[in-house]
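Q: Following this message is one structure expressed as structure tokens.
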Amino acid sequence: MAAGPHRRAQVDPLAGLRTPADPPWDVYLTGTVFLDIIFTGLDSAPVRGTESWARGMGSSPGGVANMATALARLGLRTSLAAAFGDDHYGEYCWDALEHGEGIDLSSSRTVPGWHSPVTVSMAYEGERTMVSHGHEPPPEEPAPDCPPHARAAVASLVPGTRAPWIAQAASKGTRIFADVGWDDTGAWDLAGLADLEHCEAFLPNAQEAMRYTGADNPREAAHALTAHVPVAVVTLGAEGAYAVDGRTGETAVVPAIAVEALDPTGAGDVFVAGFVAGTLADWPLADRLAFAGLTAALSVQEFGGSLSAPGWAEIGAWWRKVRSLDRQHPEALRRYAFLADVVPQEEAARPWPLRRAVPTIGFRRSA
């Protein structure tokens with residue numbers, strides 16, 4: 001793989017909490033890395049029997065790389081275990097994650113003769129349509145029996161399936177944050193999410209939460225979920241998010257930030273990463289929820305699931321901009337006032353050289 005300096009975020013949200021006895025990693029995660037090819041600027045969904053032209057295109061690492069990149073760009077020391085193809089796509093994704101984002105890949109590996117999974121995503125009218133292709137990696141897919149010690153881990157729960165590494169990580173004190181995909185079986189049985197018992201927080205969307213609990217509305221569903229997990233966060237799309245901490249009874253609701261969405265790919269991953277960062281930094285529940293929503297809103301204004309994730313310079317630029325607007329609602333400013341203590345000062349907020357999704361890969365780098 002190509003060598004190069006690791007890029008680091010400008011802000012360490014855990015700086016005041018770190019001690020010599022800390023685990024080496026803030027967050028551990030495992031999963032499948034895709035190469036994402038994103039088409040943007042489509043006027044409508046492709047129509048059968050016709051050819052559609054997109055005004056924009058980008059390539060970037062996808063799949064679990066979305067979450068890993070979002071975490072690293074928020075200043076969290078991130079370790080990823082994944083299989084990479086030994087093709088040019090795999091080489092590009094490895095380089096982008098390790099050398100571009102500073103993500104630890106010591107638990108990852110390149111699989112000879114296995115080609116990288118690929119997803120083509122078409123973004124239009126704030127939505128997306130995806131087509132994916134890939135083969136199962138060899139059975140020794142790296143989810144180690146003893147995952148590296150970390151403050152937290154992010155897991156995607158699969159109905160009816162246990163992932164042994166989750167229990168192993170939790171037994172060592174790792175705080176588990178989990179989301180879940182759509183239940184294609186139609187069972188929607190919380191008992192089927194066996195690893196939920198090891199989780200500190202569960203972050204489904206509104207439809208998932210209501211189907212799993214049988215609740216009539218998302219807020220009721222969030223409260224019902226706290227019978228199974230300490231913290232429940234239900235995302236509400238354009239309406240924001242609602243969270244409940246069942247241990248303290250604390251609740252929080254934060255409206256979504258209105259933005260023009262270029263590409264929603266990876267926004268859910270960025271939301272989870274923002275919530276994890278705020279939780280590890282010991283922020284109040286409402287601040288964690290607001291920060292998660294902000295990072296997700298900033299991400300949809302760029303295309304490319306992983307490389308659209310915001311860094312601290314962008315978060316700081318947003319905060320300075322909204323404070324400078326005339327007639328800004330005082331309550332809205334108070335909701336994000338906690339950012340004043342964590343974003344870079346204006347004179348120190350130099351742009352961080354974030355990679356962005358590019359139309360093609362493989363150009364030779366200039367000397």
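The values are calculated or read from the model by the stated rules, or taken from the named source; none is laboratory data. Values in this document were obtained by computation on a predicted structure and should not be read as measured data. Neighbour counts run over all protein chains shown; Cβ positions are idealised from the backbone, glycine included. Calculation scope for accessible area: heavy atoms of the full protein, side chains included, ligands and nucleic acids excluded. Shrake-Rupley method; radii C 1.70, N 1.55, O 1.52, S 1.80 Å.
Q: Any idea which of (1) assigned to a helix (DSSP H, G or I); (2) under 25 Å from residue 294 (Cα atoms); (3) in contact with a Ser or Thr (Cβ under 6 Å, 6 or more places away or on another chain) is the one residue 60 doesn't satisfy?
A: For residue 60, the exception is condition (1).
Conditions (1) in contact with an Asp or Glu (Cβ under 6 Å, 6 or more places away or on another chain); (2) open to solvent by less than 10 Å² (accessible area, probe 1.4 Å); (3) part of a strand (DSSP E or B), marked per residue:
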site: 69; (1), (2), (3): yes, yes, no
site: 97; (1), (2), (3): no, yes, no
site: 107; (1), (2), (3): no, no, no
site: 123; (1), (2), (3): yes, yes, yes
site: 128; (1), (2), (3): no, no, yes
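Q: Inspect segment 252-267 for any residue being within 30 Å of residue 44 (Cβ to Cβ), open to solvent by less than 40 Å² (accessible area, probe 1.4 Å), of a type in the set (D, E, K, R) and not in a loop (DSSP other than H, G, I, E, B) and give the result as yes or no.
A: Within segment 252-267, not a single residue is within 30 Å of residue 44 (Cβ to Cβ), open to solvent by less than 40 Å² (accessible area, probe 1.4 Å), of a type in the set (D, E, K, R) and not in a loop (DSSP other than H, G, I, E, B).
Q: Out of 275, 271, I need the residue that is touching a Lys or Arg at 6+ places or on another chain (Cβ under 8 Å), on the phi < 0 side of the Ramachandran plot and of a type in the set (Phe, Trp, Tyr). Which one?
A: Unique residue meeting the criteria: 275.
Q: Look through 31, 102, 41 and report the one residue that is over 20 Å from the mean Cα position of the chain (by Cα) and on the phi > 0 side of the Ramachandran plot.
A: Only one candidate passes the filter, namely 41.
Q: Looking at (1) over 18 Å from residue 309 (Cα atoms); (2) touching a strand residue (DSSP E or B) at 6+ places or on another chain (Cβ under 6 Å); (3) aliphatic (A, V, I, L, M), can you tell me which one residue 47 breaks?
A: The single condition residue 47 does not satisfy is (2).
Q: On to the next question. Could you check segment 158-187 and list, in sequence order, the residues that are touching a Leu at 6+ places or on another chain (Cβ under 8 Å), farther than 29 Å from residue 21 by Cα and hydrophobic (A, V, I, L, M, F, W, C)?
A: Passing the criteria: only 180.
Q: Follow-up. Could you list, in sequence order, all residues of segment 150-180 that are part of a strand (DSSP E or B), among the hydrophobic types (A, V, I, L, M, F, W, C) and open to solvent by 30 Å² or more (accessible area, probe 1.4 Å)?
A: Within segment 150-180, 158 is the sole residue that qualifies.
Q: Moving on to the next point. Give the residue that is least open to solvent (accessible area, probe 1.4 Å), with candidates limited to residues of segment 268-316 that are charged (D, E, K, R) and in a loop (DSSP other than H, G, I, E, B).
A: Going through the qualifying residues, I end up with 302.
Q: To continue, here is another question. Among (1) closer than 21 Å to residue 70 by Cβ; (2) in contact with a strand residue (DSSP E or B) (Cβ under 7 Å, 6 or more places away or on another chain); (3) not aromatic (Phe, Trp, Tyr), where does residue 120 come up short?
A: That leaves (1) as the condition not met.
Q: Mind listing whichever residues of segment 187-204 are open to solvent by less than 60 Å² (accessible area, probe 1.4 Å) and not acidic (Asp, Glu)?
A: Those that are open to solvent by less than 60 Å² (accessible area, probe 1.4 Å) and not acidic (Asp, Glu): 188, 190, 192, 193, 194, 196, 198, 199, 201, 202, 203, 204.
Q: Now, a different point. Taking only pairs six or more apart or across chains, which ones have beta-carbon atoms under 8 Å, a first residue in segment 169-180 that is closer than 16 Å to residue 67 by Cα and in contact (Cβ under 8 Å) with a residue 40 or more places away in the chain, and a second residue that is assigned to a helix (DSSP H, G or I) and open to solvent by 30 Å² or more (accessible area, probe 1.4 Å)?
A: That search, which allows pairs on different chains as well, returns 179/268.
Q: Which one of 92, 28 is in a strand (DSSP E or B), modelled with pLDDT of 90 or more and not basic (Lys, Arg)?
A: 28
Q: I would also like to ask the following. Of everything in segment 103-115 that's touching a His at 6+ places or on another chain (Cβ under 9 Å) and at pLDDT below 95, which residue is nearest to residue 55 (Cα to Cα)?
A: My answer is 115.
Q: Which one of these is modelled with pLDDT of 95 or more and among the charged types (D, E, K, R): 239, 260, 197?
A: 197
Rundown of residues vs (1) open to solvent by less than 30 Å² (accessible area, probe 1.4 Å); (2) touching a residue at least 12 places away in the same chain (Cβ under 8 Å); (3) part of a loop (DSSP other than H, G, I, E, B), yes/no style:
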site	(1), (2), (3)
182	no, yes, yes
185	no, yes, yes
210	no, no, no
215	yes, no, yes
223	no, yes, no
228	no, yes, yes
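Q: Kindly indicate whether residue 125 is modelled with pLDDT of 80 or more and either charged (D, E, K, R) or over 22 Å from the mean Cα position of the chain (by Cα) (or both).
A: It is false that residue 125 is modelled with pLDDT of 80 or more and either charged (D, E, K, R) or over 22 Å from the mean Cα position of the chain (by Cα) (or both).
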